[in-house]
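Engineer: First the structure, then my questions, so here it is.
The values are calculated or read from the model by the stated rules, or taken from the named source; none is laboratory data. Keep in mind that this is a model prediction, so the values were computed, not measured. Note that each Cβ is placed from the backbone with ideal geometry, even for glycine, and that neighbours are counted across all protein chains shown. In case anyone asks, the SASA skips ligands and DNA or RNA and just uses the protein heavy atoms, side chains included. Shrake-Rupley method; radii C 1.70, N 1.55, O 1.52, S 1.80 Å.
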Amino acid sequence: MAGQERAVHLLRQLQRASCRCPAHSHGFSQAPERTSCGKTTDYAFEMACSNIRYGQGVTKEVGMDLQNLGAKNVCLMTDKNLARLPPVKAVFNSLAKHGVNFKFYDKVRVEPTDTSFKEAIDFAKRGQFDAYVAVGGGSVIDTCKAANLYACNPKADFLDYVNAPIGKGKPVTDVLKPFIAVPTTAGTGSETTGVAIFDFESLKAKTGMCQLPPLLKTIY
């Protein structure tokens, strides 16, 4: 009997401590919860996400998408390892097939730093691109996001959009150029977020920008 009472007691404790959001709780109530100190707790949240296209061979449609966007001068970013592999070749072929002009940048650093971000940003500023394509994992996608952001805001200081307290954490108010990501890894989720992460070398700290708009399109 004591064992049964203990089990019931544990179940009640778990129920009280369980997540109360609509997706995870059967006992969710839309009325705000009042805590012991009298304050209410709001469990609602909102997430802006990229459009995602998933399916065998959809990378071959990148050129068509850019053509439909009217892109005339595209920045294609990847790293030196991926540059020789099929995903990048598929994008090359698609761009050529649809007559989309582009410039190629393969100097993305795995685990990017503020220095590698700045090098990609300088490339983007010089290129004056009207669209961006990133083929790779989180490092490539994050680097390309940063390049797009600062190329669209050429007078901004690098720390303007970096998260506080390292940077100023200014909001992104300008409209960025169309951005298509072709992720080659699974794990970071960079293709679905408005976050760009890098290592700030002088402080030996990891930080980033987190107010970027979601990508125009993610293609698997």
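Engineer: Where the second residue is among the acidic types (D, E) and open to solvent by less than 30 Å² (accessible area, probe 1.4 Å) and the first is under 19 Å from P178 (Cα atoms) and in a loop (DSSP other than H, G, I, E, B) and lies in the range 151-166, which pairs have Cβ atoms under 9 Å and are six or more apart or on separate chains?
Structural biologist: Once the first residue is under 19 Å from P178 (Cα atoms) and in a loop (DSSP other than H, G, I, E, B) and sits in the range 151-166, its partners that are among the acidic types (D, E) and open to solvent by less than 30 Å² (accessible area, probe 1.4 Å) give N153/D160.
Engineer: With respect to K206, determine if the residue is without any contact (Cβ under 8 Å) to a residue 24 or more places away in the chain, among the charged types (D, E, K, R) and in a loop (DSSP other than H, G, I, E, B).
Structural biologist: no
One line per residue, one yes/no per condition, for (1) open to solvent by 50 Å² or more (accessible area, probe 1.4 Å); (2) hydroxyl-bearing (S, T, Y):
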{"position": "V182", "(1), (2)": "no, no"}
{"position": "A186", "(1), (2)": "yes, no"}
{"position": "T192", "(1), (2)": "no, yes"}
{"position": "L212", "(1), (2)": "no, no"}
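Okay, residues lined up against (1) at pLDDT 90 or above; (2) within 27 Å of T185 (Cβ to Cβ); (3) touching a helix residue (DSSP H, G or I) at 6+ places or on another chain (Cβ under 7 Å); (4) of a type in the set (K, R):
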| site | (1), (2), (3), (4) |
| --- | --- |
| P22 | no, no, no, no |
| S25 | no, no, no, no |
| F45 | no, yes, no, no |
| C49 | no, yes, yes, no |
| G55 | no, yes, no, no |
| L69 | yes, yes, no, no |
| L76 | yes, yes, yes, no |
| A83 | yes, yes, no, no |
| A90 | yes, yes, yes, no |
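Engineer: Hey, which of the strands (runs of 3 or more DSSP E) in the range 69-146, taking only ones fully inside, have at least 2 residues that are open to solvent by 50 Å² or more (accessible area, probe 1.4 Å) and closer than 20 Å to L176 by Cβ? Please lay out each step first, then the result.
Structural biologist: Numbers: elements: 74-77, 102-105, 131-136.
Once the strands (runs of 3 or more DSSP E) in the range 69-146 are filtered for at least 2 residues that are open to solvent by 50 Å² or more (accessible area, probe 1.4 Å) and closer than 20 Å to L176 by Cβ, what remains is 102-105.
Engineer: Sticking with this structure for a sec: In this structure, is E119 within 21 Å of N81 (Cα to Cα) and more than 13 Å from the chain's Cα centre (by Cα)?
Structural biologist: Judged against the criteria, E119 is a match.
Engineer: Can you find even one residue in the range 89-96 that is touching a residue at least 24 places away in the same chain (Cβ under 8 Å), in contact with a Lys or Arg (Cβ under 8 Å, 6 or more places away or on another chain) and closer than 15 Å to N73 by Cα?
Structural biologist: Keep residues of the range 89-96 that are touching a residue at least 24 places away in the same chain (Cβ under 8 Å), which gives 90-91, 93-96.
In the following step, the residues that additionally are in contact with a Lys or Arg (Cβ under 8 Å, 6 or more places away or on another chain) were identified as 90, 93-94.
Add one more test, that the residue is closer than 15 Å to N73 by Cα, and what stays is 94.
Scanning the range 89-96 turns up at least one residue that is touching a residue at least 24 places away in the same chain (Cβ under 8 Å), in contact with a Lys or Arg (Cβ under 8 Å, 6 or more places away or on another chain) and closer than 15 Å to N73 by Cα.
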